[in-house]
Every structure is written in C-alpha cells, then in structure tokens.
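The values are calculated or read from the model by the stated rules, or taken from the named source; none is laboratory data. None of these values were measured; they are calculated from a predicted model. Using ideal geometry, Cβ is built from the backbone for each residue, glycine included, and neighbour counts are taken over all protein chains shown. Note: accessible area is taken over every heavy atom of the protein model, side chains too, but ligands, DNA and RNA are not part of it. Shrake-Rupley method; radii C 1.70, N 1.55, O 1.52, S 1.80 Å.
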Amino acid sequence: MDALSLDQFEVFVTVVEAGSFSAAARRLNRAQSAITYAVQKLEEQVGAELFDRSAYRPTLSEAGRTLLPQVRRILDDVGHFRASARQITRGLETELRIVVAAAIPIDMIAPALAAFREAFPTVQLRLSVLPFSMGVGRQMPGLSEGEADIRVLVDLMLPETLVRKPIAELGLVTVAAAPHPLAHKREELDEHALRDHLQIVLSEPREAVPGEDRRVAALNTWRVTDPAAQHALIRAAIGWGSLPEPAAAEDIASGRLVRLSVKRRGTSGQSPQFPIVAAHRQDEPLGLAGRWLFERLGKTQGPPVDP
C-alpha cells in the first residue's frame, strides 16, 4: 500500500459525504472520471471494493464501512498537523505552563481556560498547583526563571520584576463546623476568644518560622499543605480556620459550616479580601497564545467574552 495518498482518502470521504461520484466531483471541482479513478486506485491498494455500485447510487461495502472511520481520523490528524505547523510559523507556542497558588480556586480561572481551549486547540497546557504562602518578605512559589509562563498568585509582596494583571479579589471567611463550640457563639469574636481552639492553617510544606505567620490566632495549630485537606478537617469539627469564600459557600448554605464573626485590628465581621493576579516575568516575554490567555485572565471578573 505504498501508493496510498491523502488525495485518495479525501476523495473517498467526499464521495461518502456527497452521496455520489458526480456530487463529489462537483464539490471538489474535478471531472467525474478523476473521482472514479482515485477511488479505483484506492480500492486496488486496499485489495477490496469500497463501494457497492450495483444500485443507482454507490453505497459503502463492508470493507468501506470498516475503513471509513480510520480514513477520517487520518485526515483529521493531518489537518491538525497542518494547522499546528501554520501556527508555529506565526510564533505560536506548542505548550503553555501555568502555576496557580494552591488556595486560589481553579473555578476562578476556568472560564478563561475554557475559552483558551477553543481559541488554541493545538496548544498543550501544563497546569501546576503549587504551595500557597501569605508570608511577608518570602519569595512566592513559581517565580523562578523558566518555571512557568503565567503565574496566578495572591498579590502580596510580589517582586516588581513581574508584569501583573488583576483577576479578582479573593475573600477569606472564618468558619467552624456546626458541632464546634465556636459555632454556637453568636457574639463577635476577638483573637482572645479564638486562641484556645485548634486552628487549621494552610501552610507551606516546611516548618513555620516563629513570628512570621499572619492570620494565626490560636496557640495550637495544625498545618496542612492542601486546601481540600484543610476544608475537610474544619468540616469534621476538628478545628476552625479561614477558607476562600467560594469554597465555603455551599457548606455555609447547607449549615455544615458556620461563619464566625471575627474582629481583627479594628475591623468588625468583614471578610478580608486579597488581590489575585496573573503575572509573568518581564524578562520572559509571552508568545501568541500566552499573551492571549494573559489578557483573557484579566477579564474573568466579568461575564465570559467570546474569543
């Protein structure tokens, strides 16, 4: 079958879709004899007839029905190859690497990623969820050279070497499970009221340095590196803690979690808001797909926009 050609495959599929040799000839703007010849040569290569020509209109033979899906897959693959080749020559990346801080809900960026999939179907995306830190004066994860193309981070003490685009504000809500003792307190709680109850803290996978924790009120803490694990431990009434509002909303609505009114540093019952940004290094310019996604991420605060 060394003489098989893409043209023969295209003619074969067009005859099937058009319903006849003459209709395929019109669709491909060729003489009907050229269509018939291409199909005959393909049948010679296959060693079997692909159409039953005994009726007025040709119908697929058993061999034709078997081979048709494979031929379509080959043509689809070739089409994707050609599209990828064209895009590469225009400066399109073959892969885009994104890192997201662990406490940031993926739902926050999912609409932009869905639009990206439609706009750039040939670009592979590699998404990594890295440890989340809110410490002051420490390097945030995912900032090293060559580590990622786009970072989605909390904008706290980020270096000026990053180009930023605001995505949204992430609110944290302090909660405890319904059976937890704190859940039954209706008054506003200050840090002294919280200190004797175990706090479940989202932390990096390393020992905490005394004095560097922010928003840690309890004398006794459990530290976890995974937001889902923190959520589960709080929901199990083992301790209290702060969760992203979108992650806690369903449990609060169902009554499994109770929102605590906490007063800190002169604020009363207000959820702290943290800016979420898309960022990339100034010395690592984005390619065509990266620039598109970077701009799109900045639009996620509003309704989805057609690509």
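Side notes on the structure shown:
- The stretch 273-283, residues that are open to solvent by 40 Å² or more (accessible area, probe 1.4 Å) and either among the aliphatic types (A, V, I, L, M) or part of a loop (DSSP other than H, G, I, E, B) (or both): Q282, D283
- Among residues of the stretch 158-180 that are within 30 Å of L233 (Cβ to Cβ) and open to solvent by 70 Å² or more (accessible area, probe 1.4 Å), those with a beta-carbon under 8 Å from a residue that is part of a loop (DSSP other than H, G, I, E, B) and not hydroxyl-bearing (S, T, Y) at least six positions away or on a different chain give the pairs P179/A237.
- Hits in the stretch 167-181 - residues which are farther than 15 Å from D251 by Cβ and touching a Leu at 6+ places or on another chain (Cβ under 9 Å): I167
- Of the residues making up the stretch 224-266, those that are surrounded by 18 or more Cβ atoms within 10 Å (Cβ to Cβ), under 20 Å from D190 (Cβ atoms) and small (G, A, S) are G239, G241, S242.
- Residue that is part of a helix (DSSP H, G or I) and surrounded by 11 or more Cβ atoms within 10 Å (Cβ to Cβ), where the choices are A48, A34: A34
- Residue match in the stretch 73-95 (condition: modelled with pLDDT under 90, over 30 Å from G298 (Cα atoms), open to solvent by less than 90 Å² (accessible area, probe 1.4 Å) and of a type in the set (G, A, S)): yes
- Looking only at residues of the stretch 106-157 that are of a type in the set (D, E) and modelled with pLDDT under 85, we find that the one that is least open to solvent (accessible area, probe 1.4 Å) is D155.
- Filtered by the rule that a residue be open to solvent by less than 90 Å² (accessible area, probe 1.4 Å) and either free of Cβ contacts under 8 Å to residues at least 12 places away in the same chain or closer than 17 Å to S5 by Cβ (or both), the stretch 53-67 gives A55, T59, T66, L67.
- Looking only at the stretch 210-229, residues that are modelled with pLDDT of 85 or more and hydroxyl-bearing (S, T, Y) come to 1 in all.
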